[in-house]
Amino acid sequence: MFVDRVVIKVKAGSGGNGCVSFHREKFIMNGGPDGGDGGSGGDVIIVGDNQVRTLVDLRYRQYHEAENGTDGSSQKRTGKRGADAVVRVPLGTMVFADDKLIADIKSNGERRVILRGGRGGHGNARFATATRQAPDFAKPGEKAVQRELVLELKLIADVGLIGFPNAGKSTLLSVVSAAKPKIANYPFTTLEPNIGMVRTDNGDFVLADLPGLIEGAADGAGLGHTFLRHAERTRLLIHVIDGSGQEDRDPVSDYQIIQNELKAYGEKFGAGIFAKPQLIAINKADLPETDENAARVKEAAGDVPVFVISAAAQKGVRELINRAAAMLRELPEPAAELESSIELESIEPLTGFGVKKEEGEFFAYGPGMRRLIDSTNFSDRDSVAWFHKQLINIGVIAALRDIGASQGDTVYVEDMPFDFVD
Ligand SMILES: Nc1nc2c(ncn2[C@@H]2O[C@H](COP(=O)(O)OP(=O)(O)OP(=O)(O)O)[C@@H](O)[C@H]2O)c(=O)[nH]1
Ligand SMILES: [Mg+2]
């Protein structure tokens with residue numbers, strides 16, 4: 001099965017908690033603080049892999065979670081870093097989060113960190129100073145959050161073969177490259193795109209054989225337009241037409257129907273497929289009628305270069321691909337699609353808070369406040385000072401002031417009461 005769009009859920013690892021511990025040794029009382037830091041959580045990494053051809057594996061495995069860092073321990077031992085979650089994708093995979101393109105994986109081995117693991121919290125050994133020799137608090141690790149990603153595969157090929165089913169697209173691919181697509185005398189033999197590398201005197205290029213199109217494809221007829229998405233990232237199209245007029249087909253109307261479908265697809269999805277340069281290959285020249293039909297298609301096609309070939313008999317094929325290679329040299333490299341440089345929020349923000357006033361008292365609450373409370377030691381002056389500084393930095397003090405708090409008012413941060421100090 002060829003799968004070219006999946007939705008997956010990913011989660012980076014949370015950081016391990018810092019440790020509170022004091023050095024202990026026989027006959028030594030009151031040893032110094034020796035609590036180690038938590039280890040960082042693993043990252044979520046997307047890797048391009050040319051051995052992977054579709055996104056199907058991800059359809060069956062939709063949840064990817066990196067390992068959490070472990071907590072720090074005594075003797076200043078740092079927790080273990082969590083293992084990364086590595087998601088292998090085919091080349092041409094575009095990664096979207098919140099409808100924004102965040103990565104476009106194009107080469108084998110390309111690695112993109114999609115979500116960073118949470119950092120480990122500092123152990124109490126870090127908080128020792130000359131005046132504070134026994135800090136009995138440590139910081140918790142950053143908590144990772146889950147994100148949803150949409151992965152879309154758009155093959156990257158220089159040239160796309162399009163046309164009606166049974167026109168001979170796969171046969172053409174098979175004679176100009178090492179690819180071995182299935183070939184048969186019935187429509188829709190090809191159900192998923194095939195790719196081959198074509199070598200010519202004018203340079204090499206990647207050729208994609210796309211499943212056949214029929215009238216109404218842009219509206220879903222036949223295999224629909226799904227596969228035209230892959231044509232979006234080609235630079236040149238070769239429109240293969242069965243020139244023999246078998247089964248009462250008319251090559252001229254075949255030509256026009258496909259052009260209309262390209263146009264309809266473009267209007268629907270805003271893609272410039274119709275505007276791409278094209279070559280026409282009138283195939284099956286070994287059969288009678290083809291030459292005469294080719295002359296009529298040439299008239300209908302205007303300026304578009306027409307080649308009369310027999311893919312099966314390998315006639316005229318070299319000229320066609322040499323021309324394609326020559327045209328590619330003149331065509332600009334495809335513009336890289338814009339990637340948003342947004343940093344995905346991978347950890348629970350410390351800033352997640354709300355404020356409210358009820359019956360003359362003020363409240364600051366939310367996950368950020370909970371974490372702040374949890375990482376403060378309220379019997380330690382420095383720790384409380386740090387707590388207050390965080391409230392200012394995060395904007396809690398300003399938010400409370402905005403709803404009317406002033407010096408001396410009671411403010412509850414989660415369930416802890418404080419005097420408001422501006
Ligand atoms: N006589 C003749 N038959 C050909 C030629 N090229 C292909 N065929 C035959 O046409 C039929 C269809 O060929 P395919 O290559 O499978 O066609 P396709 O365009 O890939 O078709 P779909 O995958 O169904 O879209 C097969 O029976 C081929 O043997 C040719 O040059 N001459
Ligand atoms: Mg085929």
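Per the conditions (1) surrounded by 15 or more Cβ atoms within 10 Å (Cβ to Cβ); (2) at pLDDT 85 or above; (3) among the acidic types (D, E); (4) out of contact with any strand residue (DSSP E or B) (no Cβ under 7 Å at 6 or more places or on another chain), the sole criterion not satisfied by D158 is (4). Candidates I162, I214: the one that is within 16 Å of ligand 1 (Cβ to nearest atom) and over 29 Å from S107 (Cβ atoms) is I214. Scan the stretch 224-240 and report the pairs whose first residue is not assigned by TED's automatic domain parsing to the domain that holds V308 and whose second residue is in a loop (DSSP other than H, G, I, E, B) and surrounded by fewer than 23 Cβ atoms within 10 Å (Cβ to Cβ), with Cβ atoms within less than 9 Å and a gap of 6+ or a chain change. Listed pairs, sorted by first residue: none to list. Evaluating H122 against the criteria (1) surrounded by fewer than 18 Cβ atoms within 10 Å (Cβ to Cβ); (2) more than 20 Å from R5 (Cβ to Cβ) leaves one unmet condition, (1). Just so you know, in the stretch 269-299 the residues that are aliphatic (A, V, I, L, M) and in contact with a Ser or Thr (Cβ under 9 Å, 6 or more places away or on another chain) include one that is surrounded by the fewest Cβ atoms within 10 Å (Cβ to Cβ), and it is L287.
If you check G92, G109 for being modelled with pLDDT under 90 and on the phi > 0 side of the Ramachandran plot, only one passes: G92. Count of the stretch 3-37 residues, restricted to those that are more than 30 Å from V56 (Cβ to Cβ), modelled with pLDDT of 90 or more and β-branched (V, I, T), is 0. The test for being outside any strand (DSSP E or B), crowded, with 20+ Cβ neighbours inside 10 Å, away from ligand 2 (no atom under 16 Å from the Cβ) and not β-branched (V, I, T) does not hold for G109. The set of residues in the stretch 170-222 that are among the hydroxyl-bearing types (S, T, Y) and within 16 Å of ligand 2 (Cβ to nearest atom) comprises S170, T171, S174, S177, Y186, T189, T190. The combined condition, being farther than 22 Å from L149 by Cα and either small (G, A, S) or touching a Lys or Arg at 6+ places or on another chain (Cβ under 9 Å) (or both), is not fulfilled by G92.
Per-residue answers, yes or no, for (1) more than 22 Å from K182 (Cβ to Cβ); (2) modelled with pLDDT under 90:
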{"site": "E215", "(1), (2)": "yes, yes"}
{"site": "H230", "(1), (2)": "no, yes"}
{"site": "R235", "(1), (2)": "yes, no"}
{"site": "I241", "(1), (2)": "no, no"}
{"site": "S253", "(1), (2)": "yes, no"}
{"site": "Q259", "(1), (2)": "yes, no"}
{"site": "F274", "(1), (2)": "yes, yes"}
{"site": "P277", "(1), (2)": "yes, no"}
{"site": "I282", "(1), (2)": "yes, no"}
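In the stretch 169-181, the residue that is nearest to ligand 1 (Cβ to nearest atom) out of those that are buried (at least 19 other Cβ atoms within 10 Å of the Cβ) and assigned to a loop (DSSP other than H, G, I, E, B) is P181.
Of everything in the stretch 192-211 that is of a type in the set (S, T, N, Q) and more than 12 Å from ligand 1 (Cβ to nearest atom), the residue that is surrounded by the fewest Cβ atoms within 10 Å (Cβ to Cβ) is N202. Restricting the first member to the stretch 40-67 and to residues that are touching a residue at least 40 places away in the same chain (Cβ under 8 Å), and the second to residues that are surrounded by 18 or more Cβ atoms within 10 Å (Cβ to Cβ) and of a type in the set (S, T, Y), the beta-carbon pairs closer than 6 Å and six or more apart or on different chains are G41/S14.
The values are calculated or read from the model by the stated rules, or taken from the named source; none is laboratory data. Computed from a predicted model, the values in this text were never measured in an experiment. Reconstructed Cβ throughout: ideal geometry from the backbone, glycine too, with neighbour counts over all protein chains shown.
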